[in-house]
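Encoded as structure tokens, the structure appears first; notes follow it.
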Amino acid sequence: MIEKRDFYINGAWVAPLTPRDCEVIDPSTEEPCAVISLGSAADCDRAVAAAKAAFPGWAATPPATRRAYVAKILEQYEARVEEMAKAISMEMGAPMDLARNSQAPCLPWHLKNFLTAFDEIEWVRPLGDHAPNDRIALEPIGVVGLITPWNWPMNQVTLKVIPALLAGCPCVLKPSEESPLSSMLFAEFVHDAGLPPGVFNLVNGDGMGVGSRLSEHPDVEMISFTGSTRAGKAISKAAAETLKRVTLELGGKGANLIFADADDRAVERGVRHMMNNTGQSCNAPSRMLVERSIYDAAVEKAGEVARSIAVGPASEEGHHIGPVVNKRQWEQIQGYIQKGIEEGARLVAGGLGRPEHLNRGYFVKPTVFADVTPGMTIEREEIFGPVLSIIPFDTEEEAIRIANDTPYGLTNYVQSQDGARRNRLARALRSGMVEMNGKSRGAGSPFGGIKASGRAREGGHWGIEEFLEVKAISGWDSAAE
Ligand code: NAD
């Protein structure tokens, strides 16, 4: 069994101040695969103190030097990317193909996009011709606390750590206790890249022990959080006393509007997108809204596609889906499936219990419900598992109304060949992102939501600006520049 009890603080691996072991469970086998430590408030304080001491030096480091350090992290990562894919696969259950082709490549993709955005930042710029002695300066906010979930572990670590470092902010990362191994490997890459001590720190722990201390810490200027709406609210409250900046990336309940003129592959694409990562993505298109004239055919197709999706252990090669992350998540998903049946939705594929060929591991059957009506529990709440709800609609207005009638607002999807309609819907849907006809968003596009999905924007220059303060200066001497 892997033993990784230490934390990375001030450029070195250090033992927790009070030992508190925590097993990491491989969700494919339900067996422990590693042991880590859960930190305490005192461990968190130690990391924050290291970050605070590093702040003046890191903030004063020329942007080009910070950029060079980040490029070195990328080199380390690319040399050991297979190790990263294996760590992610084991800790959270992504099958090796998915870990190799989608999960692990998140870092190089976002990191390169951040470097492009970084090169375009004007750190000090004139306000305008009307105020020749005014300057607008961008400055790092200070020590930042980064709290991440388990579902796309390196994606979320990258979207926080890399822009924080580029902006000049030393950080304390608390990865999810469910998926700490990938982050500890990442810390090795940072170490080998030679970053100055204290600039990057990692403390493992749970929400209560480390997450809440980080959120209330007087020397932490900002918390960047991705995870549940519940924890997002708790962090906002804990952070309020010190008035720190809080950026939240929370859950979602995305609608996928499929019109009668959608391309032939729209339904299949929607189902596969929903089931990807075993449904554990905040931007999953979990509500499929289908125009009445193609509804029956779409339901049949969706059932067929779901039944064709294989389920199996994460360690196996192939295009199957893996288990969900843990027992609690498995039980919650079963509860939602049960609720769907009780509330009168029509089960088209999947259902309760594990797939027949698997007798251990947190495996869920790819499940499709049809005839879901607005207001049913499975239509309202984020399930975070491979469960799709299909809802019929008659008019565009009705589709918009159903799509927008949710506490969430992360990503919505539209499938139609009518360009004018797509453009109308792109503006009418209440969400941070709208993706249409299967086109994913381009490099450097901001990721984030509105309402209960949080109000952060990660990626590209927006993702770097979250870590910067804007300073307005008058009386600037341009001759002395
Ligand atoms: P969570 O919000 O409990 O955990 C996410 C991170 O926050 C972890 O690092 C955790 O230790 C930390 N945390 C938890 N409570 C905290 C607190 N009070 N203060 C500070 N930090 C705290 O999420 P989870 O239990 O891993 O998953 C539960 C639900 O969260 C899922 O069912 C899903 O709905 C949602 N979720 C959303 C996303 C997303 O990307 N939007 C990702 C993961 C989970």
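The values are calculated or read from the model by the stated rules, or taken from the named source; none is laboratory data. Predicted model only: the values in this text are computed from it and were never measured. Here the Cβ is made from the backbone with ideal geometry for all residues, glycine too, and neighbour counts use every protein chain on show.
Can you confirm whether LEU111 is hydrophobic (A, V, I, L, M, F, W, C), within 20 Å of PRO63 (Cβ to Cβ), touching a Gly at 6+ places or on another chain (Cβ under 8 Å) and assigned by TED's automatic domain parsing to the domain that holds LYS52? No. Quick one: would you say ALA306 is assigned by TED's automatic domain parsing to the domain that holds HIS357, more than 16 Å from the ligand (Cβ to nearest atom), of a type in the set (A, V, I, L, M) and farther than 30 Å from PRO374 by Cβ? When the stated conditions are applied, ALA306 does not pass them. So in the stretch 101-158, with the set limited to residues that are small (Gly, Ala, Ser) and touching a residue at least 40 places away in the same chain (Cβ under 8 Å), which one is nearest to LEU181 (Cα to Cα)? So the residue we want is ALA104. For the stretch 177-186, the criterion of being within 18 Å of ALA87 (Cβ to Cβ) and away from the ligand (no atom under 16 Å from the Cβ) is satisfied by at least one residue.
Checked against the criteria, GLU139 counts as touching a Lys or Arg at 6+ places or on another chain (Cβ under 7 Å) and either part of a helix (DSSP H, G or I) or more than 25 Å from PRO27 (Cα to Cα) (or both).
If only residues of the stretch 124-152 that are polar (S, T, N, Q) and farther than 16 Å from ILE162 by Cα are counted, the one that is surrounded by the fewest Cβ atoms within 10 Å (Cβ to Cβ) is ASN133. If I filter the stretch 113-124 for residues that are assigned to a strand (DSSP E or B) and either within 16 Å of the ligand (Cβ to nearest atom) or touching a strand residue (DSSP E or B) at 6+ places or on another chain (Cβ under 6 Å) (or both), do I get at least one hit? Yes, there is a match, as at least one residue in the stretch 113-124 is assigned to a strand (DSSP E or B) and either within 16 Å of the ligand (Cβ to nearest atom) or touching a strand residue (DSSP E or B) at 6+ places or on another chain (Cβ under 6 Å) (or both). Here MET288, MET274 are screened, and the one residue that is at negative phi, in contact with a Gly (Cβ under 7 Å, 6 or more places away or on another chain) and more than 10 Å from the ligand (Cβ to nearest atom) is MET288. Among the residues making up the stretch 225-243, those that are in contact (Cβ under 8 Å) with a residue 12 or more places away in the chain, part of a helix (DSSP H, G or I) and more than 9 Å from the ligand (Cβ to nearest atom) are SER236, ALA239. Taken over the stretch 416-437, the residue count meeting the criterion of being out of contact with any Lys or Arg (no Cβ under 8 Å at 6 or more places or on another chain), of a type outside the set (A, V, I, L, M) and either free of Cβ contacts under 8 Å to residues at least 60 places away in the same chain or outside the structural domain of GLU397 (by TED's automatic domain parsing) (or both) is 5. For the stretch 210-224, the condition of being in a helix (DSSP H, G or I), more than 10 Å from the ligand (Cβ to nearest atom) and not polar (S, T, N, Q) holds for none of the residues. Just the residues that are buried (at least 19 other Cβ atoms within 10 Å of the Cβ) and of a type in the set (A, V, I, L, M, F, W, C), please, taken from the stretch 434-461. Of everything in the stretch 434-461, those that are buried (at least 19 other Cβ atoms within 10 Å of the Cβ) and of a type in the set (A, V, I, L, M, F, W, C) turn out to be VAL434, PHE447, ALA452, ALA456. Cβ-Cβ distances below 8 Å connect the following pairs, each with a first residue in the stretch 265-288 that is over 15 Å from VAL414 (Cβ atoms), a second residue that is part of a loop (DSSP other than H, G, I, E, B) and among the polar types (S, T, N, Q), and a separation of six or more residues or different chains: MET274/SER286; ASN277/ASN151; GLY279/SER286; GLN280/ASN151; SER281/ASN151; CYS282/ASN151. Residues of the stretch 299-315 that are under 27 Å from the mean Cα position of the chain (by Cα), outside any loop (DSSP other than H, G, I, E, B) and touching a residue at least 40 places away in the same chain (Cβ under 8 Å): ALA302, ALA306, VAL311. Taken across the stretch 233-241, residues that are at pLDDT 95 or above, within 20 Å of SER431 (Cα to Cα) and under 18 Å from the mean Cα position of the chain (by Cα) do occur, with at least one present. Looking only at residues of the stretch 328-367 that are part of a loop (DSSP other than H, G, I, E, B) and of a type in the set (Asp, Glu), we find that the one that is surrounded by the most Cβ atoms within 10 Å (Cβ to Cβ) is GLU343.
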